[in-house]
Every structure is written in structure tokens, then in C-alpha cells.
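This report refers to the structure that appears directly beneath it.
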Amino acid sequence: MNDNRFTLRFSGVGDLNPQSLRAKELAEILENIESAVAATVIAHDPKIKREQIALSLVAVTDASVGLTFAPNLQALT
């Protein structure tokens with residue numbers, strides 16, 4: 001896996017998989033993850049504006065929910 005990516009895996013619920021996750025629930029998860037990453041980047045470098053920070057969802061893995069992201073400001077994320 002590319003070192004500039006990170007993966008979050010949600011497990012512990014027997015029926016949690018991409019097919020059972022509603023789009024609205026996924027959107028809320030993605031918004032919260034992006035907000036947390038942005039806050040971390042800005043804490044490291046307050047000169048960076050929120051609009052400069054991008055977090056791309058590059059993979060969704062089956063067998064629970066695994067989300068892989070590629071941040072554009074890798075050194076700060």
C-alpha cells in the first residue's frame with residue numbers, strides 16, 4: 001500500500017459492510033473524517049486554509065467497512 005494513504009476500518013458489528021451502509025451514513029462519516037484531518041493539518045500549519053485541504057476516498061473494502069484515503073498534504077496529515 002502507498003505510504004501516503006491511510007485506512008480506517010469499522011468492525012465489531014456483524015452485518016457492517018459496504019452494502020448495508022446507507023449513503024447518508026457514509027457521507028456523515030466522510031465529513032467527520034475530513035474535518036478531523038483538516039483540523040490536524042491546520043494545527044500543524046495555521047497558514048494553510050481549509051479550502052487547500054483535500055482528502056480523496058480511493059477505496060472501499062468489503063468484509064466490514066474499510067475506507068482508504070489519500071490526503072493531498074501528506075506531510076502534515
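Bear in mind that the values in this text are calculations on the coordinates, not laboratory data. Only a predicted model underlies this, so the values are computations on that prediction, with no experimental measurement involved. Glycine gets a Cβ as well: all are built from the backbone with ideal geometry, and neighbour counts include every protein chain shown.
Peptides 50-58, 35-43 ordered by packing proxy, namely the average of other Cβ atoms within 10 Å per residue, highest first: 35-43, 50-58. Once the Cα-Cα distance is subtracted from the 0.36 nm per residue extended length, the residue 8 to residue 30 segment shows a gain of 6.8 nm. Put simply, the amide H of residue 73, placed in the peptide plane, has neighbours under 5 Å in 54, leaving out anything fewer than 5 places away on its chain.
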